[in-house]
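Single-structure report; data block below.
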Amino acid sequence: MARLEKHLADLSIRGLELTDPSQLTRMARALMTTEHEKPAAFDEAKLSAIVDLYIRTGIQVHSPGYMGRQFSGVVPLSSVIDFVSSVVNQPSSFYEAGQLPNVVERIMADELNRFIGYRPGTFDMVTTSGGSLANLTALLTARNRAFPGVWARGGSELDGPARPAVAVGADVHYSVARAAGILGIGEDRIVRLPLDAARRIDVSRVGPALDAAERQGLDVFCLVASAGTTSVGAFDPLGELAAVTRERGLWLHVDGAHGASLLVSDELRHKLRGVDQADSLAWDAHKMMFVPAPCTLLFYRNREHSREAFRQTASYVFDAQPGVHTALDSGDKNFECTKRPMMMTLWVLWAMYGRALFAEKIEYLCRLTRVAHAILEKQDDFETLHRPEANIMCFRYRPKWLADDEVAQFQVDIRNRIKQDGQFFISKVDVDGVAALRVVMMNHQITIEHFQMLLGEIRKAGREK
Ligand SMILES: Cc1ncc(COP(=O)(O)O)c(C=O)c1O
């Protein structure tokens with residue numbers, strides 16, 4: 001505990017101390033007991049060394065140097081309740097195993113739905129171990145509704161005239177394509193919808209793209225929109241897309257893993273206008289709600305649909321006669337049987353601090369990203385690639401002497417050098433097929449001065465070319 005306290009109090013600029021895996025394996029092995037005949041005596045020094053090694057070799061998510069990924073710089077109180085969860089061990093798929101976790105799931109579903117806008121009492125929410133699993137579960141539900149025979153009779157059901165397909169924005173997260181692969185729809189049957197200049201799904205081209213898919217014999221049953229794309233944090237126009245899906249009878253799933261949290265901000269909620277018309281919404285709290293991973297909420301507009309992903313019976317857990325206690329069970333609605341009581345981490349922050357804690361942090365981080373963008377626009381050796389809508393921003397370092405055909409590799413080299421240096425942790429992503437640097441502001445300890453320092457580091461790394 002003392003070590004963690006010290007770790008949290010250290011606001012020095014640190015990214016990642018990248019260790020050779022074989023060296024780290026050796027260090028981890030050196031900490032293992034050689035006593036196997038009887039349980040070894042508790043060795044406090046060894047436990048301290050294990051904790052130290054764990055802390056030291058991680059991405060320093062609480063440091064202002066962390067600007068690279070989407071998992072949170074966690075609010076420490078949330079980690080405290082996660083620790084309690086690990087002691088009391090109350091998995092949450094069934095009420096009798098985790099009473100409070102199941103109750104707070106219902107409470108948080110209602111609390112957060114105030115910002116989504118589904119009709120109270122008619123929607124549902126299940127927690128899943130990550131946004132990828134939420135996307136898979138939503139697509140499974142949509143597929144089961146559109147092709148009712150497949151769950152029971154399997155893929156052979158699909159060999160008939162129906163050729164199920166899913167339409168997605170070109171920048172959709174890979175987990176959606178993966179879900180299509182898992183569901184037997186096939187990655188090749190993904191219809192990639194064109195984007196506009198802001199990298200949002202271009203609504204004017206959705207109809208023609210769906211018509212073309214239909215002419216090819218594809219049976220599109222679901223459209224996946226992103227509320228915060230992974231690459232640049234773009235928000236697809238949900239209201240307009242909902243009009244299309246309603247007209248064509250398609251399921252609209254919104255992957256809000258990254259950006260759904262903007263809903264809790266009065267200032268930013270408009271980015272998800274129309275989300276109340278989505279059939280399902282994936283929302284990662286372990287991203288912009290600042291809790292430990294994983295903590296994901298999958299909302300369904302229609303409560304009846306949440307039971308359609310997994311149509312199973314199992315007498316040892318699913319009660320045929322629902323009672324007052326089993327009514328809160330979610331085991332029949334989520335993939336996991338034993339599931340982390342993840343909602344405790346979000347609920348404790350909500351209970352103790354309320355909505356404003358999240359809104360303030362999110363607004364600060366989005367504002368910081370906008371200011372960082374304005375600074376970049378004034379630098380003639382940097383290229384901006386989009387106007388940030390949230391807290392993700394992609395750009396390239398392009399000093400005048402850099403040849404055009406070297407731009408992509410140069411960004412990769414710079415990113416690796418910055419990572420190796422260990423001060424800042426940033427990521428990279430291909431934008432229009434060319435590598436770019438990417439910052440994700442996930443930590444309210446970051447100030448604009450830190451971003452200025454990062455630019456200095458990038459220039460320095462560029463000179464080392
Ligand atoms: C838009 C989007 N969807 C889905 C995911 C996957 O979520 P998870 O990492 O929780 O599985 C991510 C992760 O970065 C994401 O950015």
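The values are calculated or read from the model by the stated rules, or taken from the named source; none is laboratory data. Quick caveat: nothing in here was measured; it's all calculated off a predicted structure. Backbone-built Cβ (ideal geometry, glycine too); neighbour counts: all protein chains shown.
In the range 174-185, of all residues being at negative phi and assigned to a loop (DSSP other than H, G, I, E, B), the one that is modelled with the lowest pLDDT corresponds to Ile185. Could you tell me whether Asp171 is outside any strand (DSSP E or B) and more than 16 Å from the ligand (Cβ to nearest atom)? No: the conditions fail for Asp171.
Counting the residues of the range 186-203 that are modelled with pLDDT under 95 and not in a loop (DSSP other than H, G, I, E, B) gives 3.
Within the set of pairs 6 or more residues apart or between chains, which connect a residue that is modelled with pLDDT under 95 inside the range 115-138 to a residue that is surrounded by fewer than 24 Cβ atoms within 10 Å (Cβ to Cβ) and of a type in the set (Phe, Trp, Tyr) with Cβ atoms less than 6 Å apart? Qualifying pairs under 6 Å: none. Just to check your reading of the model, which residue among Asp110, Asp171 is surrounded by 15 or more Cβ atoms within 10 Å (Cβ to Cβ) and among the acidic types (Asp, Glu)? From the options Asp110, Asp171, the qualifying one is Asp171. Val74 meets each of the listed conditions (1) within 20 Å of Glu336 (Cβ to Cβ); (2) within 16 Å of the ligand (Cβ to nearest atom); (3) among the aliphatic types (A, V, I, L, M); (4) in contact with a Pro (Cβ under 7 Å, 6 or more places away or on another chain) apart from (1).
Cβ separations smaller than 9 Å between residues 6+ apart or across chains give the following pairs from the range 199-211 residues that are closer than 11 Å to Leu241 by Cα and touching a residue at least 24 places away in the same chain (Cβ under 8 Å) to residues that are of a type in the set (Val, Ile, Thr) and part of a strand (DSSP E or B): Ile201/Val168. Among the residues of the range 119-137, those that are more than 11 Å from the ligand (Cβ to nearest atom) and not in a loop (DSSP other than H, G, I, E, B) comprise Asp124, Met125, Val126, Thr127, Thr137.
This table checks each residue for (1) β-branched (Val, Ile, Thr); (2) in the same structural domain as Arg396 (by TED's automatic domain parsing); (3) assigned to a helix (DSSP H, G or I); (4) crowded, with 16+ Cβ neighbours inside 10 Å.
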| site | (1), (2), (3), (4) |
| --- | --- |
| Val412 | yes, yes, yes, no |
| Arg417 | no, yes, yes, yes |
| Asn443 | no, yes, no, yes |
| Ile446 | yes, yes, no, yes |
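Of all the criteria given as (1) surrounded by 16 or more Cβ atoms within 10 Å (Cβ to Cβ); (2) away from the ligand (no atom under 16 Å from the Cβ); (3) part of a loop (DSSP other than H, G, I, E, B), the one not satisfied by Phe115 is (3). Of all residues in the range 383-433, how many are in contact (Cβ under 8 Å) with a residue 60 or more places away in the chain and either touching a Cys at 6+ places or on another chain (Cβ under 7 Å) or among the basic types (Lys, Arg) (or both)? Matching residues across the range 383-433 total 8.
Consider the range 318-344 and keep the residues that are assigned to a loop (DSSP other than H, G, I, E, B) and of a type in the set (A, V, I, L, M, F, W, C). The one that is nearest to the chain's Cα centre (by Cα) is Met342. Listed by first and then second residue, the pairs linking a residue in the range 9-28 that is touching a residue at least 12 places away in the same chain (Cβ under 8 Å) and not assigned by TED's automatic domain parsing to the domain that holds His450 to a residue that is charged (D, E, K, R) and in a helix (DSSP H, G or I), with Cβ atoms under 9 Å apart and 6 or more places separating them unless they lie on different chains, are Gly15/Lys419; Gly15/Asp421; Leu16/Lys419; Glu17/Arg56; Leu18/Lys419; Thr19/Arg56.
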